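Heads up: the structure comes next, in structure tokens.
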Amino acid sequence: MTKTLLIKAPYLEVYKGLDEVATNQAPLGLAYIAAVLREAGYAVNLIDPENQNMTYDDVASLIRNEKPDIVGISAATANFVNAVKLAKLAKEAGAPLVVAGGIHATSLPDEVLDRHPEIDIVVIGEGEQTMLDLCKAVEGGGEIDYSAIPGLAFRGSTGEIKKSPRRPLLMDLDSLPFPARDFLPMKKYNVQIHLSSVRGVKATMISSRGCPNHCIFCAAHLTMGHRYRPRNVEAVVDEMEHLIRDYKAEYIQFYDDTFTIDYERTVRICNAIIKRGLKVKWFAHARVNTVDEDLLRLMKRAGCTHVSFGIESGNQTILRNIRKGTTLDQARKAVKASQRAGLKTLSTFMIGNPGETPETIKDTIDFAVELNSDIAVFSIMVPLPGTEVYNKYKGVLFDTSLDWTDFKTLLTTNRLALISKTLTHEMLVSSLHTAWKRFYLRPGYLIRQLFRMRSLAEFSYYIQGGVNVFREYLLTRMKPSH
């Protein structure tokens, strides 16, 4: 019987300096794959070395002891270097087949296989059925015809890189078992440290896959596609109940690209939560053109405490350039409606977008201050491989760093993924620091937040996050760039 070991590549170490406040979430994708393989009767193990206090040597020892037939490693772009480390040690420990998956490998399968001989196969897109088919093929013994398994990139007999047909998106998400969270240290995860006001178990889950929007900077569609695929409402609430009952979850983050994309479905989910009397706090991502005060008040009644909006820019021309599909007025209305509904708001902003100038950056900072969300997160645009902004504008408006660890959203080293041809490195970094300072060092903002604290736990979280952000962004002097 095929044995599979699934590994989440270390992630938090990429955010040295902000690792204590960086989002630390369970690897849902791998947990879904583990659940599917186990349900099919295959031996599987799933580890998250970083959150299980495992060193690279510990992982190598585990591989030597368990002798898996397949080692599957998942990573995004910023932590892909750690996936390569794991792949090398897996090969050295005797793993016969090393598979890479996740957004980065999906985006650049040819490059991954060309540059990293320790990686045998790349899984492109959703991994559940592809990994199951791969297990069946390995179990069959003999030479495997990888071209017959949709969703793979692999090397041919003479070393040339080949791809099997693209695997269609999984339309029936309700056919999947709940993620195999029992492999994971659920008490170690934190959904949004600067938002959460509870100290109990914090879990993530999805109610849908796919985003129908076409923002040019977003890489989510590379693995999940643009087609919106919702789960059954009762199945969503069943999983919430499962998290509360079996894992004592006190806080749940919905990891959907946009939880509120379908207004009526959001209403049904909220009403189902209320009907069952589920006592759990939750957080979700929304778009400013998908909510109104009635919906936000219903979400609040159902246990939602925070909502986040990707505002991105305070300049309408920039919003058009990045195909955000929203307006500044919609952002104003959504944030104000959320505040009136009693929800805390998180707004995210990017600078360095196509067409950006010093004036449009100032517009964004001014707009963030005007919106006055509870939390504002500022970042410099990261041109992730496979996105439209990367494919269309790389070499035209910007070049990119050659170090994948620079492709992170929170700046911790003054090294940028974006090497703009129209804005200097110094201006981008200086503008980022200005944004953090102007937003957070307002006496009125600080007083408002102090009076909105609901518990000592929440106060400690804000202090912890504030200290880290203050150190990294508000006190940092300019450092040399690349």
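The values are calculated or read from the model by the stated rules, or taken from the named source; none is laboratory data. As the structure is a prediction and not an experimental result, all values here were calculated from the model. Don't worry about glycine lacking a Cβ; one is built from the backbone with ideal geometry, like all the others, and counts go over all protein chains shown.
Structural remarks
- Qualifying residue in segment 208-218 (condition: in contact (Cβ under 8 Å) with a residue 40 or more places away in the chain, crowded, with 21+ Cβ neighbours inside 10 Å and in contact with a Pro (Cβ under 7 Å, 6 or more places away or on another chain)): yes
- Yes/no for Arg115 being out of contact with any Phe, Trp or Tyr (no Cβ under 7 Å at 6 or more places or on another chain) and in contact (Cβ under 8 Å) with a residue 24 or more places away in the chain: no
- Unmet requirement for Leu410, which otherwise passes all of (1) under 21 Å from Ala368 (Cβ atoms); (2) at pLDDT 95 or above: (2)
- Annotation: of all residues in segment 4-21 being surrounded by 22 or more Cβ atoms within 10 Å (Cβ to Cβ), among the aliphatic types (A, V, I, L, M) and under 15 Å from the mean Cα position of the chain (by Cα), the one that is modelled with the highest pLDDT is Ala9.
- In segment 193-205, of all residues being outside any strand (DSSP E or B) and either surrounded by fewer than 21 Cβ atoms within 10 Å (Cβ to Cβ) or assigned by TED's automatic domain parsing to the domain that holds Leu12 (or both), the one that is modelled with the lowest pLDDT corresponds to Ile193.
- Any hit, segment 81-94, residues being out of contact with any helix residue (DSSP H, G or I) (no Cβ under 7 Å at 6 or more places or on another chain), touching a residue at least 60 places away in the same chain (Cβ under 8 Å), surrounded by fewer than 24 Cβ atoms within 10 Å (Cβ to Cβ) and among the polar types (S, T, N, Q): yes
One line per residue, one yes/no per condition, for (1) among the hydrophobic types (A, V, I, L, M, F, W, C); (2) part of a loop (DSSP other than H, G, I, E, B); (3) more than 21 Å from the chain's Cα centre (by Cα):
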position: Glu143; (1), (2), (3): no, yes, yes
position: Asp174; (1), (2), (3): no, no, yes
position: Ile216; (1), (2), (3): yes, yes, no
position: Ala219; (1), (2), (3): yes, yes, no
position: Glu241; (1), (2), (3): no, no, yes
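- Residue in segment 294-316 that is under 30 Å from Asn391 (Cβ atoms), surrounded by fewer than 18 Cβ atoms within 10 Å (Cβ to Cβ) and among the polar types (S, T, N, Q) present: yes
- Among the candidates Ala95, Ala83, Ala78, Ala100, residue that is of a type in the set (Gly, Ala, Ser) and farther than 22 Å from Asn24 by Cα: Ala95
- The residues listed here are Val99, Val138, Val84, Val123; of these, the one that is under 25 Å from Val59 (Cβ atoms) and either among the aromatic types (Phe, Trp, Tyr) or touching a His at 6+ places or on another chain (Cβ under 6 Å) (or both) is Val84.
- All positions within segment 161-181 that are surrounded by fewer than 17 Cβ atoms within 10 Å (Cβ to Cβ) and without any contact (Cβ under 8 Å) to a residue 24 or more places away in the chain: Lys162, Pro165, Pro168, Asp172, Ser175
- In segment 402-445, the residues that are touching a helix residue (DSSP H, G or I) at 6+ places or on another chain (Cβ under 8 Å), assigned to a helix (DSSP H, G or I) and either of a type outside the set (S, T, N, Q) or not assigned by TED's automatic domain parsing to the domain that holds Lys344 (or both): Trp404, Met427, Leu432, His433, Ala435, Trp436, Lys437, Arg438, Phe439, Tyr440, Tyr445
- Taking every residue in segment 269-291 that is charged (D, E, K, R) and pairing it with any residue that is part of a loop (DSSP other than H, G, I, E, B) and surrounded by 18 or more Cβ atoms within 10 Å (Cβ to Cβ), at least 6 positions away or on another chain, the pairs with Cβ-Cβ distances below 6 Å are Lys281/Gly303; Arg287/Thr258.
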